[in-house]
Amino acid sequence: MTSKSADPVRILIADDHAMVLEMFAQFIENLDDVSASTAPDLDTALSAIDRDGPYDLVLLDLNMPGMNGLEGLGRAISRNGGKPVALLTSNPPAHLVSEVLAMGGAGFVLKTTSLKAFANEIRFMAAGGRYIPVELIERQRVAPREPRAAAQLSERENDVLAELAEGKSNRDIGAALGLKEATVKMHVKSICSKLEASNRTQAVIVARDMNII
């Protein structure tokens, strides 16, 4: 007698940046045990919860339309039938950690997390765990550091970043800016380092969250 396979973990990801939704949704498509729905703002997410929920996990972008700070998190928690709701963000202030946990939030997923770590994080929270990234825990223990500042990007790096946001390849960026492809690659690496992003897509996501582009 064969055992019936478990139903996939159902998650809802809400973010107003299409690039974020596309990155995570495409990754989840390759996971056998997770399925994902997406929404571009809080109102659409709440409608999806009412219509198709509760979801095993809801991830909400902290800064998308309708959130109004943590008010949106509270609204989603109250609508998701007691199942976990967490924040999706790039660089939240340290004080939010205790506030989110006090509200009953499941924790945080950083947009700069690796996709492999992302898979583990969503499974953990969907199973009832509360997840706080190490970076946020350490930030609570030390004196506040300077935020990742747009001013720290050079003028040329800002030019390259703007081209990255258009989805261009290194070769196309080089052609647009009159740079060698190797030079563009160097700038992209520097941008990722300064924005604490693990790849070019995440660099654009972080930059948009910081209103650099």
| task | Could you list all residues from the stretch 196-213 that are of a type outside the set (D, E, K, R), touching a residue at least 60 places away in the same chain (Cβ under 8 Å) and either part of a helix (DSSP H, G or I) or open to solvent by less than 40 Å² (accessible area, probe 1.4 Å) (or both)? | result | 197, 201, 202, 204, 205, 206, 212
| Total residues in the stretch 88-112, condition among the charged types (D, E, K, R) and either open to solvent by 20 Å² or more (accessible area, probe 1.4 Å) or over 15 Å from the mean Cα position of the chain (by Cα) (or both) | 1
| said: For a quick check of your reading of the model, give me the residue pairs whose first member lies in the stretch 104-122 and is under 13 Å from residue 27 (Cα atoms), whose second is in a loop (DSSP other than H, G, I, E, B) and open to solvent by 10 Å² or more (accessible area, probe 1.4 Å), with beta-carbon atoms closer than 6 Å and at least 6 apart or on different chains. | reply: 114/198
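Could you check the stretch 166-213 and list, in sequence order, the residues that are hydroxyl-bearing (Ser, Thr, Tyr) and under 14 Å from residue 113 (Cα atoms)? So that I can check it myself, show each step before the final result.
Restricting attention to the stretch 166-213, the residues satisfying the condition of being hydroxyl-bearing (Ser, Thr, Tyr) are 169, 183, 190, 193, 198, 201.
Of everything in the stretch 166-213, those that are hydroxyl-bearing (Ser, Thr, Tyr) and under 14 Å from residue 113 (Cα atoms) turn out to be 193, 198, 201.
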| field | 3 or more residues within 27 Å of residue 77 (Cβ to Cβ) and at pLDDT 90 or above: qualifying helices (runs of 4 or more DSSP H) within the stretch 114-178 | value | 115-126
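Report, by residue number, each residue of the stretch 176-191 that is open to solvent by 80 Å² or more (accessible area, probe 1.4 Å) and out of contact with any helix residue (DSSP H, G or I) (no Cβ under 9 Å at 6 or more places or on another chain).
As a first pass, look at the stretch 176-191 and keep what is open to solvent by 80 Å² or more (accessible area, probe 1.4 Å): 180-181, 185-186, 189.
Residues satisfying the conditions are 186, 189.
Evaluate the following for residue 53: is it open to solvent by 10 Å² or more (accessible area, probe 1.4 Å) and touching a helix residue (DSSP H, G or I) at 6+ places or on another chain (Cβ under 6 Å)?
Numbers: open to solvent by 10 Å² or more (accessible area, probe 1.4 Å): yes; touching a helix residue (DSSP H, G or I) at 6+ places or on another chain (Cβ under 6 Å): no.
No, not satisfied.
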| request: Hand me the list of helices (runs of 4 or more DSSP H) wholly inside the stretch 1-112 holding 3 or more residues that are at pLDDT 95 or above and closer than 27 Å to residue 137 by Cα. | output: 71-79
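The values are calculated or read from the model by the stated rules, or taken from the named source; none is laboratory data. Worth saying up front: this structure is predicted, and the values here are computed from it rather than measured. No Cβ is skipped: glycine too gets one built from the backbone with ideal geometry, and neighbour counts run over all protein chains shown. SASA here: full protein model, heavy atoms, side chains in, ligands and nucleic acids out. Shrake-Rupley method; radii C 1.70, N 1.55, O 1.52, S 1.80 Å.
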